[in-house]
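Reading through the structure tokens given below for one structure.
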Ligand code: C5P
């Protein structure tokens, strides 16, 4: 993919985080936003709370594209099996920890490619909850988090992953290092005037897109508002403005 290949509509760049502990809320949110956003992120809370049939139920509710935020991290054979199973469920995007190493990432790639429409395979670099002190002290990895993020993004790219999850602060460096066609999936998005909640580092849709973000993961800034569809439309129009200004 080149940057010119990446031309989804503004709304299709929005991935809604379905951070719910029950199926009813997730399905209700999906029904109200389907057609107005690009996809829906299903994380470990939802899937563990309600079971794996949530994927089919969300698709029935209108979710055409599901990002399974699985963050797989295990030996290559086990991760390959898990990615293959997720791909067979028809998820559109799934992620694995890039720190699982090259062999694990290659196994994940091969497993994803066993289905006729492989999901986008995305690497998690360094969790944003890990700062440089934690990286150095607890994980005994030297250097700063940004160096490690770029290192893992390069590794992910070298073994054929489609892209990485990254914080808004890292997207420009990843784009400069890995090029415009390497997919970036960016959480921590807050439109102007919306509370940061527990996110330490946030960016507006406009600045994330200007820095080169492909997909924006948006949770509470849409789902916790009285009118999620209007909130999603406002994010889409901010993205559209940013795209036309670049
Ligand atoms: O509600 P909010 O927009 O903060 O939700 C962001 C979503 O992105 C959550 O599902 C969160 O787990 C996820 N995420 C994140 N920061 C990361 C990786 C994922 O906020 N570094």
Fill in the blank from the handout: Proxy exposure order for 37, 83 (fewest C-beta within 10 Å first) is 37, 83
Problem - Estimated 222 nm signal from helices in the chain, with DSSP H stretches of n ≥ 4 weighted -39500 (n - 2.57), rounded to 500 - result: -12500 deg cm²/dmol
Practice task
Could you list 170, 233, 110 in order of exposure, starting from the residue whose Cβ has the fewest other Cβ atoms within 10 Å?
Solution key: 110, 233, 170
Exercise for the section: Give me the distance between the Cα centres of the stretch 189-207 and the stretch 152-173, rounded to whole Å. Expected result: 21
Exercise for the section: Using only Cα positions of the stretch 3-245, each an equal point scatterer, no hydration layer, compute I(q)/I(0) via Debye at q = 0.13 Å⁻¹ and quote the log10 values to two decimals. Expected result: -0.78
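Just so you know, all these numbers are worked out from the coordinates, no wet-lab data involved. Because the structure is predicted, anything quoted here is derived from the model rather than measured. Cβ coordinates were reconstructed from backbone atoms using ideal geometry, including for glycine residues, and neighbour counts include every protein chain displayed.
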